[in-house]
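A short worksheet on the structure shown next.
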Amino acid sequence: MTCQGCKNGTGFGSRFSMAFQPIMDTRRGAVFAHEALVRGIDGSGAVTVLSLVDPDNRYAFDQQCRVRAIELAAELFPRHEMPHLSINFMPNAVYEPRACIRQTLETARRTDFPLDRIIFEFTEVEKLDTAHLLNILKSYREIGFKTAIDDFGAGYSGLNLLTQFQPDLVKLDMDLIRGIDTDTVKQIVVRRTLDMLRDLGVTAVCEGVETAGELRMLTDLGVDLIQGYFIARPTFEGLSPIPTALAA
């Protein structure tokens, strides 16, 4: 099967690599996952790469991101207690899920990276065709991947999407987390959101955690999975050290 992107997608000519930022399971004192974040080949920020993505090359870019992330993770991740790998994907770059996933599957097979340790996350900030997105998410789940909504609470259709599909993970938008330890309104909104996600069987991740106060408040609210500069900054082509106080 050949999709439109395979036929018409031009190559992404610029080289790039990845940094990894951990998602910490504070209850276990262990890394749950590392998110792969695109970087310039010299370690420069994501904007230097993303500014080169356009409708003609986004398919090739999306494919190359998956391949680079899995290849690096296979080299870096400990095999004795394999964390998950979280890869951002562009739904509008996926033409037909099972056709477009072939290169990802081949890379995982070649590097011996387990499919059930791969999380595909998308941001709801980009306006999307809901039917197309649901087809992708359901196909990925059938293949054995985990799925996640990123930036939940900042986009177009998060709540509506949850009524039709419950991903494995939902990452609450960092604007909800910033200063939550001193903002009672944010505490109420996040508490109710967490209750809803628990009822739906969806695991919450709180990203953008930058202070000890924010971490304490989220822990009090029952959040286990935390991501942010307070835990660790992204490390270019490597894994970030975890603060001793948080490790088991």
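A few remarks follow.
- Subset tally (residues that are open to solvent by less than 60 Å² (accessible area, probe 1.4 Å) and outside any loop (DSSP other than H, G, I, E, B)) for the range 72-98: 13
- Long-range neighbours under 7 Å by Cβ, at least six apart or interchain, first residue among the hydroxyl-bearing types (Ser, Thr, Tyr) within the range 90-109, second assigned to a helix (DSSP H, G or I) and open to solvent by 10 Å² or more (accessible area, probe 1.4 Å): 95/4; 107/67; 107/71
- Taking the range 29-71 as the range and being of a type in the set (A, V, I, L, M), in a helix (DSSP H, G or I), modelled with pLDDT of 95 or more and open to solvent by 10 Å² or more (accessible area, probe 1.4 Å) as the test, only 67 passes.
- Residue check, residue 188 touching an Asp or Glu at 6+ places or on another chain (Cβ under 7 Å) and modelled with pLDDT of 95 or more: no
- Those residues of the range 27-80 which are over 25 Å from residue 109 (Cα atoms), within 19 Å of the chain's Cα centre (by Cα) and of a type in the set (Lys, Arg), in sequence order: none
- For residue 234, the conditions (1) open to solvent by 70 Å² or more (accessible area, probe 1.4 Å); (2) at pLDDT 95 or above all hold with the exception of (1).
- Applying a threshold of 8 Å to beta carbon distances and a minimum spacing of six or more residues, or different chains, the list of pairs starting in the range 221-241 at a residue that is more than 19 Å from residue 16 (Cα to Cα) and of a type in the set (A, V, I, L, M) and ending at one that is at pLDDT 95 or above and surrounded by fewer than 20 Cβ atoms within 10 Å (Cβ to Cβ) reads 221/187; 221/191; 221/194; 223/194; 225/25; 225/203.
- Residue within the range 196-210 that is farther than 25 Å from residue 146 by Cβ and exposed (fewer than 15 other Cβ atoms within 10 Å of the Cβ) present: no
- Of all residues in the range 163-210, those satisfying the criterion of being more than 20 Å from the chain's Cα centre (by Cα) and among the basic types (Lys, Arg) are 186, 191, 192.
- Of all residues in the range 2-12 being touching a helix residue (DSSP H, G or I) at 6+ places or on another chain (Cβ under 9 Å) and open to solvent by 20 Å² or more (accessible area, probe 1.4 Å), the one that is modelled with the highest pLDDT: 11
- Identity of the residue in the range 180-195, within 16 Å of residue 158 (Cα to Cα) and not polar (S, T, N, Q), that ends up most open to solvent (accessible area, probe 1.4 Å): 192
- The set of residues in the range 19-28 being crowded, with 24+ Cβ neighbours inside 10 Å and more than 14 Å from residue 171 (Cα to Cα) consists of 20 alone.
- Search result, residues across the range 144-174 that are over 12 Å from residue 205 (Cα atoms), surrounded by 17 or more Cβ atoms within 10 Å (Cβ to Cβ) and among the aliphatic types (A, V, I, L, M): 161, 162
- Of all the listed residues (177, 101), the sole one being over 20 Å from residue 70 (Cβ atoms) and open to solvent by less than 10 Å² (accessible area, probe 1.4 Å) is 177.
- Residue among 130, 123 that alone is closer than 16 Å to residue 158 by Cα, free of Cβ contacts under 8 Å to residues at least 40 places away in the same chain and in contact with a strand residue (DSSP E or B) (Cβ under 7 Å, 6 or more places away or on another chain): 123
The values are calculated or read from the model by the stated rules, or taken from the named source; none is laboratory data. From a predicted model like this one, the values you see are computed outputs, not experimental measurements. Please note: Cβ atoms are built from the backbone with ideal geometry, for glycine as well, and neighbour counts cover all protein chains shown. Heads up: the accessible areas ignore ligands, DNA and RNA and are worked out on the full protein's heavy atoms, side chains in. Shrake-Rupley method; radii C 1.70, N 1.55, O 1.52, S 1.80 Å.
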